[in-house]
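In what follows, a single structure is set out as structure tokens and then discussed.
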Amino acid sequence: MAFIQRAAVATALGFGLGLGAAHATGTPITLKTDGYTSTSTHAATSVKYGWDTVSVDAGSFQVTTSAGKSFLAFCAEISQFTSSNWQTYYVGTFGSTDQALLQGLFSSVATFSGTAKVDSGLEYAALQLAVWEIMHETASTASLTKGSGTLYVNDTSTSGLSLASLANSYLSAAYNWEGPSLVKVEKLSNGSYQDLVRVTPVPEAGTFGLMALGLAGLALVRRRAA
């Protein structure tokens, strides 16, 4: 599905997941970003966001906490840097619509298997783009096809077109998800560096493919305005 009606589907998902208004817990966590986990878990492309054209390299990005635990995270923002030094973040949640759609996105991805399993740089990058589209698109429809809305893939090469198409398929799965929530989505906020989306499976969903796929999250490594 290339174009998805955002408002109606988001509202339905929000009620279906029983989510209320966003409220940060304020729980502090000290962490640093470690970089790509593999050369095959990211892909470069160009996106258009409003008036800006931005070159991005999106993929799975590892984060380590001061307690010695590691996880992967998505970037919440389009134009912000990560930090390889220790930084204090605060754990919270997103607005109800974004929270519902992000849970729909990763719950659906957790059930993918076979050739649909997310295990390539193109697929990791497509998921990061789907996250951004959910969080930053201001148009009434969700699509990363060039020329649609305020955020889209600006790369018209074969790989760019494939990336946009794949991201749109992930968005469709997210907006149409009607099953139980298989993941826990948290917002990790920092006033100076990239806000992160941490995704972990809920206990009863442990047999699903989220952790096996390495999809505890994704993150953007570098951006530069064109």
Tell me, which residue of the range 116-141 that is closer than 16 Å to GLU77 by Cα and aliphatic (A, V, I, L, M) is nearest to the chain's Cα centre (by Cα)? VAL131
Exactly one condition in (1) modelled with pLDDT of 95 or more; (2) closer than 13 Å to ALA58 by Cβ is not met by LYS146; state its number. (2)
Among the listed residues ALA139, ALA130, which satisfies the condition of being open to solvent by less than 40 Å² (accessible area, probe 1.4 Å), farther than 20 Å from LEU161 by Cα and in contact with a helix residue (DSSP H, G or I) (Cβ under 9 Å, 6 or more places away or on another chain)? ALA139
Quick check: is even one residue across the range 177-191 over 15 Å from the mean Cα position of the chain (by Cα), modelled with pLDDT under 95 and at positive phi? no
In the range 78-109, residue surrounded by the fewest Cβ atoms within 10 Å (Cβ to Cβ) [restricted to those that are more than 25 Å from THR27 (Cβ to Cβ) and not polar (S, T, N, Q)]: ILE78
May I ask you to list the residues in the range 101-141 that are among the small types (Gly, Ala, Ser) and closer than 19 Å to THR200 by Cβ? GLY104, SER107, SER108, ALA110, ALA130
Which one is nearest to the chain's Cα centre (by Cα) among residues in the range 155-176 that are outside any helix (DSSP H, G or I) and within 14 Å of ALA125 (Cβ to Cβ)? ASP155
Which is modelled with pLDDT under 80, surrounded by fewer than 16 Cβ atoms within 10 Å (Cβ to Cβ) and under 27 Å from TRP177 (Cα atoms), of GLY20, GLY14? GLY20
Of all residues in the range 142-154, which are within 18 Å of CYS75 (Cα to Cα) and either of a type outside the set (Val, Ile, Thr) or under 12 Å from the mean Cα position of the chain (by Cα) (or both)? LEU144, LEU151, TYR152
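The values are calculated or read from the model by the stated rules, or taken from the named source; none is laboratory data. Since the model is a prediction, treat every value here as computed from it, not as a measurement. Neighbour counts are summed over all protein chains in view; Cβ atoms, including those assigned to glycine, are modelled from backbone coordinates with ideal geometry. Quick note on the areas: whole protein, heavy atoms, side chains included, nothing else; ligands and nucleic acids left out. Shrake-Rupley method; radii C 1.70, N 1.55, O 1.52, S 1.80 Å.
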